[in-house]
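First up is the structure itself, then whatever we jot down about it.
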Ligand SMILES: Cc1cc2nc3c(=O)[nH]c(=O)nc-3n(C[C@H](O)[C@H](O)[C@H](O)COP(=O)(O)O)c2cc1C
């Protein structure tokens, strides 16, 4: 079955081995982000996802902040290992996308739809995940590798101050991206397909 969308979904993988030389201009990445923000769904069309794109020195600064934030929490040996990973897998890329959720929107949605108030936190992260997945896949479709990282909440305060981020925006995930230098290993399927789905026919 030929399906370009499913091919793109399959091509999206976690890429750690990144280089800063990407095949498309910055403006193209900005356009992808804009299109996704306008089209990816959200509960009650609340549009709670916020995105910050860090390129150039901004990208390097983020990963310096991550290293500095980790240092006091790790042994020297652990830190050397983490710093090496951060440098070769994240900072070595072209840029980083930060995903936030706007807490003002989430709280307003809870007040506006009281019947769904207890679902709104889940809905918000589900919508954020859809944005993350869509961007990850769209980047892969352009030949760009990325991974999904979660150094929040460790870095939240420094990120907010450094980039003067609205305090109502809560950091959800970081997506470093760049040119993939190696192909990912074949994806391990831990659970057989038959145990993961049920098809009812007729
Ligand atoms: C919700 C979610 C959270 C993840 N968090 C991390 C993370 O913090 N660090 C990381 O290196 N990978 C993270 N990953 C990547 C997964 O480890 C990866 O997607 C999984 O091993 C499957 O590999 P693939 O992405 O190549 O298909 C996350 C993935 C998802 C969907």
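The values are calculated or read from the model by the stated rules, or taken from the named source; none is laboratory data. Remember, predicted model here, so these are calculated numbers, not experimental data. Heads up, the Cβs are rebuilt from the backbone with ideal geometry, glycines too, and the neighbour counts pull from every protein chain shown.
Quick look at the values:
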| read-out | value |
| --- | --- |
| Flag if residue 121 is more than 10 Å from the chain's Cα centre (by Cα) and surrounded by fewer than 17 Cβ atoms within 10 Å (Cβ to Cβ) | yes |
| Residue check, residue 36 surrounded by 15 or more Cβ atoms within 10 Å (Cβ to Cβ), within 16 Å of the ligand (Cβ to nearest atom) and at pLDDT 95 or above | no |
| Residue ID - farthest from residue 111 (Cα to Cα), chosen from residues in segment 1-25 that are outside any loop (DSSP other than H, G, I, E, B) and in contact (Cβ under 8 Å) with a residue 60 or more places away in the chain | 19 |
| Tally, over segment 14-31, of residues that are touching a strand residue (DSSP E or B) at 6+ places or on another chain (Cβ under 6 Å) and within 16 Å of the ligand (Cβ to nearest atom) | 2 |
| The lone exception for residue 85 - which of (1) more than 23 Å from residue 129 (Cα to Cα); (2) in contact with a strand residue (DSSP E or B) (Cβ under 8 Å, 6 or more places away or on another chain); (3) assigned to a helix (DSSP H, G or I) it fails | (2) |
| Qualifying residue in segment 66-74 (condition: touching a strand residue (DSSP E or B) at 6+ places or on another chain (Cβ under 6 Å), touching a residue at least 60 places away in the same chain (Cβ under 8 Å) and over 16 Å from residue 133 (Cα atoms)) | no |
| Any hit, segment 39-51, residues being in contact with a helix residue (DSSP H, G or I) (Cβ under 6 Å, 6 or more places away or on another chain), assigned to a strand (DSSP E or B) and in contact (Cβ under 8 Å) with a residue 40 or more places away in the chain | yes |
| Qualifying residue in segment 124-134 (condition: within 16 Å of the ligand (Cβ to nearest atom), crowded, with 19+ Cβ neighbours inside 10 Å and farther than 22 Å from residue 40 by Cβ) | no |
| Filter result for residue 34 (under 30 Å from residue 162 (Cβ atoms), in a loop (DSSP other than H, G, I, E, B) and out of contact with any helix residue (DSSP H, G or I) (no Cβ under 6 Å at 6 or more places or on another chain)) | no |
| Inter-residue pairs, beta-carbon under 9 Å, first within 26 Å of residue 142 (Cα to Cα) and in segment 180-193, second more than 10 Å from the ligand (Cβ to nearest atom) and modelled with pLDDT under 95, 6+ apart | 180/17; 181/17; 182/17; 184/17 |
| Within segment 52-87, tally of residues that are surrounded by 15 or more Cβ atoms within 10 Å (Cβ to Cβ) and more than 19 Å from the chain's Cα centre (by Cα) | 5 |
| Test for residue 69: is it within 19 Å of residue 181 (Cβ to Cβ) and within 16 Å of the ligand (Cβ to nearest atom) | no |
| Exclusive hit being away from the ligand (no atom under 13 Å from the Cβ) and under 16 Å from the mean Cα position of the chain (by Cα), set 146, 173, 138 | 138 |
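Residues are listed down the side, and each one gets a yes or a no for (1) more than 19 Å from residue 101 (Cβ to Cβ); (2) surrounded by 10 or more Cβ atoms within 10 Å (Cβ to Cβ):
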| site | (1), (2) |
| --- | --- |
| 141 | yes, yes |
| 149 | no, yes |
| 163 | no, yes |
| 182 | yes, yes |
| 185 | yes, no |
| 192 | yes, no |
| 200 | yes, no |
